[in-house]
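Below: one structure, written as structure tokens.
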Amino acid sequence: MLDEKMPTIEVANIATETCCILFLLTLFLALLLKRTRTLPLRFIMLIFAGELVALISDVLFRLLAPVRPIAAVLYADYIISFLASVFLATVFTYYFFARFAEKGTLKVSVPVRWGVLAYAVFISLLFLSSVWTGWFFYVDFAGKLTYTEWFIWLIYLFVPLAIYDIFVILRHRKILGPADTAVMLFYIVLPILALVADLRFSTVTTHIALTLDACMLYTYVDSQQERKLAYTRSELAEMHLNSMVSQINPHFLYNTLSSIESLMADRPDDARQLMSDFSEYLGGNYVNLTKEPLIPFEKELEHVEHYLAIQQVRFPNLKVEYDIKATDFQIPALSLQPLVENAVKHGICRVRKSEGAVKVTSKETAHGYIIWVEDNGAGFDPTAPLSDDRPHVGIENVTRRLELLCGGTLSIHSRPGAGTVATITIPKGGTKQ
């Protein structure tokens, strides 16, 4: 229970800080329970944690001060509050570094990142030195915390960091956009105005300002992430539909049915096998496109095997080789099959008599899984302008789905007359479902 002799303003400050603690704690727990957190949200999480530490310590020391007004209590309160302020200023700078990186428009150099951290450490050490030297503050014989004439210069040390932040934000305001720019500037300006009020009236306006700022940052960034997620889902749905349309190729269907018909009279066993592979291929297309976007690699490989078995009937000179050393991972549905189809259609079939080889390889590395689709067909010049008969069917689709669904990459290396190598790289733990 609060001491009845405690000044009214202290009671009001404790009540205000307690409300801020409960509010921030609710937001912190909500952020902690989120399934996915971008790097900016992680920095906002650190901002929540830093402000919670400062608020909780301040409330505790306000309650203890009337009971135990000793120097250690006052020093501890002031040290935690000041270091929390340095921490919040530094983390916010790293937060907008992350926002720039997320937009893919500005890469902050390593020296700048370390420079900001070194400056924060310098301010902190300079402040802590006053505990022994009394340069900026000390506790007098009456047990009262007293500021020296140099204390204001300690506050001024925050100014270069604030000016740097404002300069970078304003310089890149077109990249950030009006909303991001306003939110970041508000985060800097509001606490500065609140600090002036605190120094003049002994209030806790700064804590209120920082709580509002943290709430605003969280709300804004979270809403941006939700909008991006909704757009990504829409984009994936559209690409999934495009995959289905591109895989059901009428020419392929016609040619396969014609091959089955031609085999029925003289080679009925081969016709039945071709019909079985064709049935499994169509079934694989349907299942892969109506289930989860990510499927076991074995399922995708089985789909490819049926496709290549069909093509080997149509093109007897086509050789197929498999070197599968890893299967225990997932891959976006219909991401390997388009690469194999390109190898046959745009690589081998362009060679006289459709003679050539296609090889599918997979292996596990320390960091992920690699799949290669190689052919020794016609190849192409990657620097030449795109045309409708180039082997780029579905490539952009596959590239984008790999990136969105599992953080994977696709690279194509080709040379006219020497063939093509398509490489899929899937990092471990990269699933983004």
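Some points to look at:
- Consider segment 319-349 and keep the residues that are in contact (Cβ under 8 Å) with a residue 60 or more places away in the chain and in a strand (DSSP E or B). The one that is surrounded by the most Cβ atoms within 10 Å (Cβ to Cβ) is P332.
- In the condition set (1) at pLDDT 85 or above; (2) closer than 15 Å to L217 by Cα; (3) in contact with an Asp or Glu (Cβ under 9 Å, 6 or more places away or on another chain), L39 is compliant with all but (1).
- Checked across segment 361-375, the condition of being farther than 20 Å from H413 by Cβ and assigned to a loop (DSSP other than H, G, I, E, B) holds for at least one residue.
- Of the residues making up segment 121-139, those that are of a type in the set (A, V, I, L, M) and in a helix (DSSP H, G or I) are V121, I123, L125, L126, L128, V131.
- Considering segment 21-47, the residues that are over 20 Å from the mean Cα position of the chain (by Cα) and in contact (Cβ under 8 Å) with a residue 12 or more places away in the chain include one that is surrounded by the most Cβ atoms within 10 Å (Cβ to Cβ), namely L24.
A quick yes/no check of all residues on (1) farther than 25 Å from Y218 by Cβ; (2) surrounded by fewer than 16 Cβ atoms within 10 Å (Cβ to Cβ); (3) polar (S, T, N, Q):
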position	(1), (2), (3)
T148	yes, yes, yes
W153	yes, yes, no
Y156	yes, yes, no
Y164	no, yes, no
I175	no, yes, no
A182	no, yes, no
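- Condition check for S109: at pLDDT 85 or above and not aliphatic (A, V, I, L, M): no
The values are calculated or read from the model by the stated rules, or taken from the named source; none is laboratory data. Here the structure is a predicted model, which means the values were calculated and not measured. All Cβ positions, even for glycine, are placed from backbone atoms using ideal geometry, and neighbour counts span all protein chains on display.
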